[in-house]
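Here's the structure, in structure tokens; my notes come after.
Values quoted throughout were computed directly from the atomic coordinates according to the rules given, and no laboratory measurement underlies them. Remember, it's a predicted structure, so these values are computed and weren't measured experimentally. Glycine also receives a Cβ, built like all others from the backbone with ideal geometry; neighbour counts cover every protein chain displayed.
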Amino acid sequence: MKETSSKTPGCEVITVGTELLLGQILDTNTTYLAKELGEIGVSIRLRTAVGDLLDEMIEVIKSAADRCDMVIMTGGLGPTLDDLSREAVAKAAGVSLEFRQDLMDQIEKIFRNAGYKMSENNRRQAYVPAGSQAIPNPMGTAPGFICDVDQTPVICLPGVPRELEYLTAKEVIPWVQQRFGLHGKRLTYRVLKTVGIGESKVDTLIGDLIKPGENPEVGLLASQGEIKIRIAVKATSENEIDAIISPVAEEIKSRLGNKIFGEDGDTLEGVVDSLLSRSGLTLATMETFSAGIAAQRLYALPSIHLVGSIVIPDKDYLFRWFRQDDMATKSISALSFARKLTERGKAGLGLAVLGFPKRIGKGYTLRGDAAVSGDGIEKSYSWEMGGDLFSLQQRGAVIGLNTLRLALLETIGS
């Protein structure tokens, strides 16, 4: 057996099928495997996709077996001539294929129970590499198997997600725990969520804490207007998990302050709604280019504090919405609009997200303004950005909600 640490075995996932390389189907199996294996302390180190070419499959299997503690292959176990995972693993291991009558009996039973006559080519699915451990598949006609290649276990599973997930939970997870001594060990995450700060700035502030392969391991994940800071820990008990994660989490919070709006399942709109509850204030919103997305996120909770929202995509209509004396200046700020919302919307707070994208080449540029106004509350923020319209809209909604969050924090405290 290859010498490895029982604490952090590394795994490579090989997905088989030319259809994956052509983009005809989406690989959800690797996502599932990464989550399930991660929870027992196995790290997915690499993911490789290979087409239905025997020589390339053999090369990929040998490379994976050489650089990782275990390999999981998905797909290529069907009955047709281009299903070559059995042959590829056998050749990589230097063994022949052997027929297993017990697997054949199970495959025939599945056809009988379904009321179908089995085709002769289904007999191919009863072959596995000699000396391997078969994984019977009661969910379908493609049994899996485990075969050592240069002392590294290669676990072959069917590509059908329903079958793969069943066999992983029932057979693979217990086998991996036994092979690598992982009983009781699990991988746990805590995610800190930031807004109003870019990925590069987050990296500057906490980069010294990002040490790949450490326990805990800190990593960053960027999305529209939001940066997630993942703290992953391998431990055996809740007390051990907390003892490892908490000091790192507190250090990150001390460095980023109110840029962190929540943890794990928290959403920006959920945090805003909680702050509205604490303040006892209602809210009305106006949005231009963000197309009502900020309001939609609150409505989806649903929020009882959002009492009205309006979308005004046209600049001329924006001016008409104001009274005649306001139109004289032709200069209306997001803050003045937020004030009007509290008057016309009869709400305690008004949030305005204002801006009109200009097309530049194939994209857009925008000068945006977000403002919040209420009794004793005023806060505004301006920015410039470019990009596609969807990105501008999503980020504008995030900036608007975050401006509201910060205004509420200043009013009622954290």
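Okay, here's what the table says:
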| quantity | calculated |
| --- | --- |
| Cα centroid of the stretch 183-225 to Cα centroid of the stretch 235-312, whole Å | 18 Å |
| For the stretch 10-180, share of DSSP beta bridges that run antiparallel, in % to the nearest 5 | 40 percent |
| Pairs of alpha carbons in the stretch 186-263 whose separation is greater than 14 Å (percent) | 57 percent |
| Residue 205 paired with residue 224, simple spin-label distance in nm, labels 7 Å along Cα-to-beta-carbon | 2.3 nm |
| Helical contribution to [θ] at 222 nm, DSSP H n ≥ 4, -39,500 (n - 2.57), averaged over the chain, rounded to 500 | -11500 deg cm²/dmol |
| Highest average packing first - 59-65, 363-369, Cβ atoms within 10 Å | 59-65, 363-369 |
| Prolate/oblate/rounded label for the stretch 209-349 (Cα gyration tensor, a/c 1.5) | prolate |
| Point-to-point label distance, residue 388-residue 299, nm (Cα→Cβ direction, 7 Å offset) | 2.4 nm |
| Three-way shape label, the stretch 10-180, alpha-carbon gyration tensor, a/c 1.5 | rounded |
| For the stretch 1-107, the fraction of alpha-carbon pairs in successive 5 Å shells from zero, as % | 2, 11, 20, 21, 19, 15, 10, 2 |
| For the chain, built as a Gaussian network whose Cα springs stay under 10 Å, the top-fluctuating residue of 112, 47, 86 | 112 |
| Highest to lowest packing among 384-390, 38-44, scored as the average C-beta count within 10 Å | 38-44, 384-390 |
| Centroid-to-centroid separation of the stretch 110-137 and the stretch 90-105 [C-alpha atoms, Å] | 11 Å |
| Whole-Hz ³J(HN,Hα) from phi, Karplus 6.51 cos²θ - 1.76 cosθ + 1.60, for the stretch 258-264, glycine and proline x | 6, 5, 8, 9, x, 9, 6 |
| The chain: antiparallel DSSP beta bridges as a percent of all, rounded to 5 | 65 percent |
| Proximal charge balance of residue 10 [Cβ under 9 Å; K/R count +1, D/E count -1] | 0 |
| Burial order of peptide ranges 144-152, 23-31, 256-264 (average beta-carbon count within 10 Å, highest first) | 144-152, 256-264, 23-31 |
| As computed over the stretch 80-194, the Cα convex hull volume per residue (Å³) | 164 Å³ |
| Whole-Å semi-axes of the ellipsoid equivalent to the stretch 268-412 (Cα gyration tensor, √5λ, descending) | 23, 19, 13 |
| Size of the chain as Cα extents on the principal axes (Å, biggest first) | 89, 49, 41 |
| Exceeding the 24 Å Cα-Cα cut-off - candidates 211/234; 193/234; 170/234; 91/170 | 91/170 |
